[in-house]
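Reviewing the structure listed below.
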Amino acid sequence: MRTHKIYNIKNSVTFKQDLLAWSTQFDDLVWLDSNNHNGHYSQYDAILAVDAFTAIQTDYVDAFDKFKEYQSITNDWIFGYLTYDLKNDVEALQSNNHDGLEFPELYFFQPKKLFLIKGDTVELLYLKMVDDEFEKDLESIKTFNLDNKVSENNVKIKLRIHKDEYFEKVNTVLNHIHRGDIYEANFCQEFYAEDTTINPLETYKKLNTISKPPFATFLKLGDKYLLSASPERYIKKEGRKITSQPIKGTAKRSKDIKEDANLKRELALDEKERSENIMIVDLVRNDLSLTATKGSVKVEELCKVYTFDQVHQMISTVVSEIKENTHPIDVIKTTFPMGSMTGAPKISAMKIIETLEETKRGLYSGAVGYITPEGDFDFNVVIRTILYNASKQYVSYSVGGAITAKSEPLKEYEECLVKAKAMRQVLEN
């Protein structure tokens, strides 16, 4: 179905920059960059999929059934995203909050051209209809000249929920917890700008440069863009092995080496952060058990602290082995939305946060990734992400935090600001 060619790259950094610039001429593109984090994260250093041959775009109604049918018929590499609001397909839920971005609720496409970068080689997988364009494209990538001058963003960010109102809403979540309705809820707030134009590629490059996360993503769908510095994997499938890596627990970094080490140690020992993480690990174990063979769900790492350029994060790794002939889309459907962005119990938490949040989450706290012809897949969690609708001139980023019985509203608010720092920095200079 696809013609493969492998080429050596003289300078992978330059090639990646040139390739990404070249890709922006297409209406459909997904760029995934592991930023040289080790193989624990990714099989490839970077992947680019461009130029849709076929695509599926739908709202939440029967979305997973339509997605399953599309993936089965296509039986090829497909790239795209799932928005948080597909929860309404999985459960009897609704999304009625303000939506300034208007992304379709599910979108996947089959690319004509696919680039897999590993070390100093790039593998090109082209559909037969375009496989006479290998050499021409490689030449074009080298010489492609973006007509965009590097510009400084000067965006004026507004808050959808102001500080006092945030405190009130967190206290409402705490009341639900103390009453026994839920144990934990991931409560989110939006920061946004209207009548604003940004250069999506330059903004993504700045965000990626200061964050260097393992799941960086640049996505374009016509006039809509996602610029993501996500540190979190939602779910990965390799053969029959499923891996989920929820993040719960965040601490800021310090330029002082001693203080930074202390911040990392304090996070590792923090009772509240550990309890947040363990609650979500239990939820993920439960979700994975729905498609797992008996006794195969295991916690490989519990509450391990990883260091990134902007923050320290507490990450757990949960694995399972799925039953033979399990459809890949069923694994996604039974675990979506991811526990780290909802709460426990999941459905009760989703109902409560829907009433308290002011914004429809959309692609924020959804997932971007790909599925291979063999049915393997890898998806990130859409956090630390700028979303942009160029036609509406609307820019948005959201941040959230897990509220548990031990949460203090002020500390939760401060944690949100830590998570928002990189996005604010690139948008406001």
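Readers should treat all values here as calculations from the given coordinates under stated rules, not as data from a laboratory. Because the structure is a prediction, the values reported are computed rather than measured. No Cβ is skipped: glycine too gets one built from the backbone with ideal geometry, and neighbour counts run over all protein chains shown.
Could you check how many percent of all C-alpha pairs in segment 216-261 are farther apart than 14 Å? Can you show the working numbers first?
Numbers: 740 of 1035 pairs.
That fraction is 71 percent.
One-quarter of the Cα convex hull surface for segment 1-51, in nm²?
Numbers: hull surface 18.1 nm².
Averaging across all directions leaves 4.5 nm² for the Cα convex hull.
In square nanometres, what is one fourth of the surface area of the convex hull spanned by the alpha carbons of segment 193-242?
Details: hull surface 20.0 nm².
Taking a quarter of the hull surface, the average projection is 5.0 nm².
So what's the gap between the Cα centers of segment 9-26 and segment 223-294, to the nearest angstrom?
30 Å
What is the Cα coordinate range of segment 10-107 on the first, second and third principal axes, sorted by size from largest, in whole angstrom?
52, 33, 32
What's the whole-number percent of alpha carbon pairs in segment 274-341 lying beyond 14 angstrom?
Everything past 14 Å amounts to 61 percent.
Given the Cα atoms of segment 390-429, and with Rh set as the inverse mean 1/r over their pairs in the Kirkwood sense, what is Rg to Rh to two decimals?
1.13
Find the relative contact order for the chain and round it to a whole percent, using C-alpha pairs within less than 8 Å whose residues are 6+ positions apart. Could you put the intermediate results ahead of the total?
On the way: 917 pairs, mean separation 101.9, N = 429.
About 24 percent, as a whole number.
Excluding Glu123 itself, calculate the net charge of residues whose Cβ lies under 11 Å from the Cβ of Glu123, where each Lys or Arg counts +1 and each Asp or Glu counts -1.
Within the 11 Å Cβ shell, the charges total +3.
Give me the Å³ per residue figure for the convex hull around the C-alpha atoms of segment 276-418.
Here the figure is 155 Å³ per residue.
Short version: what are the Cα gyration tensor semi-axes of segment 45-150, square root of 5 times each eigenvalue, largest first, in whole Å?
In descending order, the three semi-axes are 33, 19, 12 Å.
In debye, nearest 20, what is the charge dipole magnitude of segment 286-345 about its Cα centre with +1 on Lys and Arg Cβ and -1 on Asp and Glu Cβ, if you could check?
160 debye
If the cut-off is a Cα-Cα distance under 15 Å, which aspartates and glutamates reach Lys241, setting aside same-chain residues fewer than 8 apart in sequence?
Straight-distance partners of Lys241: Asp287, Glu300, Glu321, Glu324, Asp330, Glu374, Asp376, Asp378.
Using +1 on the beta carbon of Lys and Arg, -1 on that of Asp and Glu, and nothing else charged, what's the dipole of the chain about the Cα centre, debye to 20?
900 debye
Just the Cα atoms of segment 51-91: what Rg and Dmax do they give in Å?
10.7, 33
I want to verify a result. In a Gaussian network model of the chain, Cα cutoff 10 Å, which of these has the top mean-square fluctuation: Asn277, Asn154, Asn325?
Answer for the Gaussian network model of the chain: Asn325.
How high is the relative contact order of segment 54-200, given as a whole-number percent (alpha carbon pairs under 8 Å, six or more residues apart)?
Result for segment 54-200 is 20 percent.
Tally Lys/Arg at +1 and Asp/Glu at -1 over every other residue whose Cβ is under 15 Å from the Cβ of Asn97; what's the total?
Once all neighbours under 15 Å are counted, the net charge is -3.
Let me know the volume per residue of the alpha-carbon convex hull for the chain, in Å³. Each step should come with its number before you reach the end.
Details: hull volume 59.3 nm³, N = 429.
Cα convex hull per residue, to the nearest whole number: 138 Å³.
Mind telling me which of Thr293, Thr83, Thr335 comes out most flexible in a GNM of the chain, alpha-carbon contacts under 10 Å?
Maximum among the listed residues: Thr293.
Compute the orientation-averaged projected area for segment 212-290 from the convex hull of its Cα atoms and round it to one decimal in nm².
Here the figure is 8.2 nm², rounded to one decimal.
Starting from the coordinates of the alpha-carbon atoms of segment 164-302, obtain the Kirkwood hydrodynamic radius over all distinct pairs and give the value in Å to one decimal.
Roughly 18.9 Å, rounded to one decimal.
If Lys and Arg each add +1 and Asp and Glu each add -1, what is the summed charge of the other residues whose beta carbon sits under 10 Å from the beta carbon of Phe377?
Within the 10 Å Cβ shell, the charges total -2.
Do any of Lys68/Lys205; Lys252/Lys298; Lys87/Lys346; Lys16/Lys237; Lys212/Lys298 go past 22 Å between their Cα atoms, and which?
From the list (Lys68/Lys205; Lys252/Lys298; Lys87/Lys346; Lys16/Lys237; Lys212/Lys298), the Cα-Cα distance tops 22 Å for Lys68/Lys205; Lys252/Lys298; Lys16/Lys237; Lys212/Lys298.
Kindly state, to the nearest 0.05, the FRET efficiency for His178 paired with Asp62, given R0 = 45 Å and r defined as their beta-carbon distance.
For His178 and Asp62, the calculated efficiency is 0.75.
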